[in-house]
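> What follows is a single structure, and I will ask about it in a moment.
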Amino acid sequence: MPDNKNNDVINDILKELDSKNKKQEEIKQEDASSEPGFIDSFVEEAKKEIPDPEPFEPEASEKVLPPSNTDMAEKILTEPEKTSSLLTTSSGNAPVRKRKKKKKKKRNRLPGVLILTVFIFAVSICLSLVIIAFGKDMLGIGKGETTHLIIIPEGATTDEIAEMLKDEGIIKSPECFKLFMKLRKSDDTYIAGEHFVSPNMAYETIIDQLTSYEEEEKESIEVTFPEGITIYDAANILEENGVCSADDFIFYFNSGGYGFAFEDRLPTDTSLKFNRMEGYVFPDTYYFYVNMEPEQVCQKIYHNFDSKMTDDRYEKMESLGLSLDQLITFASIVQKEAPTPDMMTMVASVFWNRLNNQDIFPMLQSDPTSNYANDVIKPHMDVYDQTIIDAYDTYKGAGLPPGAICSPGLEAIDAVLANFPSNYFYFIANIYTGETKFAETLEEHYVYQAEIEADIEEYLAAQEAAEQEAAENEYSEN
């Protein structure tokens with residue numbers, strides 16, 4: 001019967017495969033990744049899926065025979081590696097797939113190890129650089145030696161102090177400074193007032209400076225700079241009081257660079273200025289120490305000037321089209337010209353009118369500027385330069401001079417900023433009585449000039465008579 005013949009052939013094939021699988025199992029017993037009994041289970045599954053073959057009845061017209069089971073069995077036996085994964089039913093349409101054993105690929109771990117090593121190495125370098133930077137900042141290594149004036153307010157906290165030191169360029173990391181303070185575990189309180197510290201100080205030294213009084217008592221000196229003082233006058237006063245050398249003061253005061261806000265507004269071109277910082281010795285009373293460092297003396301004066309120049313004054317200055325140096329130069333002329341503070345606003349108005357009408361009045365014609373050029377600049381010149389002398393003399397140079405002729409007070413500065421409107425282009429003052437007369441025309445000015453000169457002669461004559469009478473009385477008594 002055909003059915004029995006087909007079944008016998010299939011059974012023979014299955015027996016052959018079963019025998020072959022047994023041999024393979026014996027060979028692969030030592031392989032840990034193999035799956036025992038896989039072929040057996042596959043064969044069993046195959047047996048279940050193979051139905052009993054139906055009788056083969058080819059159509060008479062086609063006479064096409066399907067592949068015989070004998071040929072298929074022969075192919076399975078001769079090429080088991082290609083055909084062992086497929087078995088067909090008697091119809092030849094339903095293939096059965098064999099699950100392939102996945103081989104585990106060995107992963108190359110070298111790239112990952114290299115990446116991790118490079119990452120760790122880079123992090124280590126970064127951490128090392130950060131630690132070195134913080135260490136240098138904490139110890140003050142490689143930083144500047146210039147002292148900075150720090151004004152500690154009452155009740156200041158560590159956070160405020162740290163930001164203040166950062167703004168002044170003393171430290172680089174406020175967080176590091178605050179951490180250092182916590183690790184220090186000290187109950188020190190910051191002492192309000194003036195303190196001098198420098199970037200090359202270690203954190204410990206800075207903290208000691210801000211939290212303790214001077215161990216040795218220094219002799220304090222009270223010094224007053226009056227309005228209209230020159231830089232040479234201020235230097236002589238300091239030297240006479242034993243604060244510092246006059247020459248050292250002039251050198252460091254003109255050098256500047258102490259980090260105050262007003263310094264950023266100073267001109268870069270100072271070729272015609274005789275003293276770069278003339279006009280900035282702010283008139284006031286100061287407290288210094290005997291044998292004080294000149295840089296510290298200068299910073300106290302700089303700080304005072306910086307605090308007086310408020311935002312409101314800067315706004316007015318800019319609205320008038322003036323630079324800071326022009327404002328101080330203008331105010332220094334007003335300071336010297338006006339005999340009393342209440343006359344300063346009117347004197348400033350005269351110079352404003354001349355500056356705004358330079359086609360008619362190109363020269364300010366201020367006597368104090370001529371006096372400064374001849375009495376201050378000439379005697380202190382190492383190399384004679386007529387160009388600088390003429391530039392300061394407003395009878396020879398047009399407009400404002402290249403620099404201030406003295407240090408003006410706040411009244412003179414505010415008088416310039418007031419820009420009081422008037423019609424005056426001339427004025428003359430009696431330097432002995434303080435009387436000042438203003439004129440719109442030159443003719444009117446000449447009349448007032450004659451009156452003032454007569455008053456001055458009368459005043460001097462009366463004073464001379466009084467002195468002579470006092471001398472005669474003293475002689476008669478003796």
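The values are calculated or read from the model by the stated rules, or taken from the named source; none is laboratory data. None of these values were measured; they are calculated from a predicted model. Note: ideal-geometry Cβ built from the backbone for every residue, glycine included; neighbour counts use all protein chains shown. Each accessible area value is taken on the protein alone, full model and side chains, heavy atoms only, with ligands, DNA and RNA left out. Shrake-Rupley method; radii C 1.70, N 1.55, O 1.52, S 1.80 Å.
> Would you say Asp269 is of a type in the set (Asp, Glu), part of a helix (DSSP H, G or I) and surrounded by fewer than 21 Cβ atoms within 10 Å (Cβ to Cβ)? Walk me through it before giving the result.
Numbers: of a type in the set (Asp, Glu): yes; part of a helix (DSSP H, G or I): no; surrounded by fewer than 21 Cβ atoms within 10 Å (Cβ to Cβ): yes.
In short, no.
> Residue by residue through region 229-243, note down the ones that are open to solvent by 20 Å² or more (accessible area, probe 1.4 Å) and not in a helix (DSSP H, G or I).
Result: Asn241, Gly242.
> Report, by residue number, each residue of region 284-305 that is in contact with a Cys (Cβ under 7 Å, 6 or more places away or on another chain) and open to solvent by less than 10 Å² (accessible area, probe 1.4 Å).
Here is the first cut: in region 284-305, the ones in contact with a Cys (Cβ under 7 Å, 6 or more places away or on another chain) are 292, 294, 297.
Selection gives Val297 alone.
> Could you identify the single residue in Pro267, Pro283, Pro339, Pro362 that is under 28 Å from Met381 (Cβ atoms) and in contact with a strand residue (DSSP E or B) (Cβ under 9 Å, 6 or more places away or on another chain)?
Pro283
> What single numbered condition from (1) touching a residue at least 24 places away in the same chain (Cβ under 8 Å); (2) open to solvent by less than 40 Å² (accessible area, probe 1.4 Å); (3) closer than 16 Å to Gln299 by Cα; (4) of a type in the set (Gly, Ala, Ser) fails to hold for Ala246?
(1)
> Another question about this same structure. So, Ala470, is that one modelled with pLDDT under 95, open to solvent by 30 Å² or more (accessible area, probe 1.4 Å), of a type in the set (A, V, I, L, M) and part of a helix (DSSP H, G or I) or not? Walk me through it before giving the result.
Working: modelled with pLDDT under 95: yes; open to solvent by 30 Å² or more (accessible area, probe 1.4 Å): yes; of a type in the set (A, V, I, L, M): yes; part of a helix (DSSP H, G or I): yes.
Yes, satisfied.
> Could I ask something else about it? When residues of region 249-266 are filtered for being open to solvent by 70 Å² or more (accessible area, probe 1.4 Å) and within 17 Å of Leu322 (Cβ to Cβ), how many remain?
The total comes to 2.
> If we keep just the residues of region 352-362 that are under 41 Å from the mean Cα position of the chain (by Cα) and among the hydrophobic types (A, V, I, L, M, F, W, C), which is surrounded by the fewest Cβ atoms within 10 Å (Cβ to Cβ)? Steps first, answer last, please.
At the first step, the residues of region 352-362 found to be under 41 Å from the mean Cα position of the chain (by Cα) are 352, 355-356.
Narrowing the set further to residues that are among the hydrophobic types (A, V, I, L, M, F, W, C) leaves 352, 355.
Working: Trp352: 19, Leu355: 17.
Within region 352-362, the match that is surrounded by the fewest Cβ atoms within 10 Å (Cβ to Cβ) is Leu355.
> Count, please, the residues in region 334-351 that happen to be open to solvent by 20 Å² or more (accessible area, probe 1.4 Å) and in a helix (DSSP H, G or I).
Narrowing region 334-351 to residues open to solvent by 20 Å² or more (accessible area, probe 1.4 Å): 335-337, 339-343, 345-346.
Add one more test, that the residue is in a helix (DSSP H, G or I), and what stays is 335-337, 341-343, 345-346.
Summing the residues that are open to solvent by 20 Å² or more (accessible area, probe 1.4 Å) and in a helix (DSSP H, G or I) in region 334-351 gives 8.
> Which pairs have Cβ atoms under 6 Å, sit 6 or more apart or on different chains, and link a residue in region 262-282 that is over 17 Å from Phe330 (Cβ atoms) to one that is open to solvent by 20 Å² or more (accessible area, probe 1.4 Å) and charged (D, E, K, R)?
Every condition considered, the pairs that remain are Thr270/Arg276.
> In this structure, is Phe274 closer than 20 Å to Ile388 by Cβ, assigned to a helix (DSSP H, G or I) and open to solvent by 20 Å² or more (accessible area, probe 1.4 Å)?
In short, no.
> Next up: Does Val281 fit the bill of being open to solvent by less than 50 Å² (accessible area, probe 1.4 Å) and part of a loop (DSSP other than H, G, I, E, B)?
yes
> Within region 244-266, which residues are over 32 Å from the mean Cα position of the chain (by Cα), part of a helix (DSSP H, G or I) and of a type outside the set (D, E, K, R)?
First, pick out the residues of region 244-266 that are over 32 Å from the mean Cα position of the chain (by Cα): 244-247.
From what's left, part of a helix (DSSP H, G or I): 246-247.
Selection gives Ala246 alone.
> Restricting the search to region 315-340, which residues are over 20 Å from Ala398 (Cα atoms) and in contact with a helix residue (DSSP H, G or I) (Cβ under 8 Å, 6 or more places away or on another chain)?
Lys316, Met317, Ala338
> What are the pairs with Cβ atoms under 7 angstrom where one residue, in region 286-314, is closer than 26 Å to Asp414 by Cβ and assigned to a helix (DSSP H, G or I) and the other, located anywhere, is open to solvent by 40 Å² or more (accessible area, probe 1.4 Å) and hydrophobic (A, V, I, L, M, F, W, C)? Sequence gap at least six, or different chains.
Hits for this filter: Asp306/Ala261; Lys308/Leu410.
> Within the set of pairs 6+ apart or on separate chains, which have a first residue in region 338-353 that is among the small types (Gly, Ala, Ser) and at pLDDT 95 or above, a second that is assigned to a helix (DSSP H, G or I) and surrounded by 22 or more Cβ atoms within 10 Å (Cβ to Cβ), and C-beta atoms under 6 Å apart?
Once the first residue is among the small types (Gly, Ala, Ser) and at pLDDT 95 or above and sits in region 338-353, its partners that are assigned to a helix (DSSP H, G or I) and surrounded by 22 or more Cβ atoms within 10 Å (Cβ to Cβ) give Ala348/Val334; Ala348/Ala415; Ala348/Val416.
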